[in-house]
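Since the structure comes first, as structure tokens, the remarks are kept for the end.
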Amino acid sequence: METAKKFLQLILETIVDDPSAIVIDAKSDEMGVFLSVKVAPEDMGKVIGKQGKTAEAIRELLHVVGFKAHAKVSFKLEEPPGRERPQRSSDQDY
């Protein structure tokens with residue numbers, strides 16, 4: 001679904017500082033459309049947002065685009081290779 005991919009590209013270009021680093025891979029099957037997104041490591045936080053609110057809002061908008069086309073649309077933000085998630089204080093051993 002090219003419409004969903006273009007829509008996601010437009011949204012991400014307005015959020016990130018480095019729009020040239022955006023890579024969107026689209027895969028379609030009988031379940032719907034899956035969009036895999038890569039952005040510059042510095043822009044990951046902007047796309048995710050506080051407590052994941054921005055990413056969740058993007059998912060909701062993609063659901064609306066998919067609904068109009070009678071398809072399920074979802075996306076996943078890929079983590080940059082070699083990047084480790086920081087541990088929360090509750091996850092650390094004492």
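Since every read-out is calculated from the coordinates, none of them should be taken as a lab result. Bear in mind that the values here come from a model prediction, so they are computed numbers and not experimental data. Backbone-built Cβ (ideal geometry, glycine too); neighbour counts: all protein chains shown.
Quick notes on this structure:
- Longest segment of the chain lacking GluC sites (Glu not before Pro) that sit in a DSSP loop with at most 11 other Cβ atoms within 10 Å: 31-83
- Pairwise FRET efficiency - F67 versus D29, Cβ, R0 = 25 Å, nearest 0.05: 0.90
- Protection-proxy order for peptides 68-77, 14-23, each taking the mean of Cβ atoms within 10 Å per residue, highest first: 68-77, 14-23
- DSSP beta bridges fully contained in region 2-80 are about 60 percent antiparallel.
- Cα-based helix-to-principal-axis angle, 53-68 vs the chain, degrees rounded to 10: 10 degrees
- Counting 0.36 nm for each residue step from E78 to K38 and taking away their Cα separation leaves a gain of 13.9 nm.
- The distance between label points at R59 and I15 comes to 1.2 nm (points 7 Å beyond Cα on the Cα→Cβ vector).
- Dimensionless Rg ratio for the chain, taking C-alpha atoms and the 2.2 N^0.38 Å reference: 1.20
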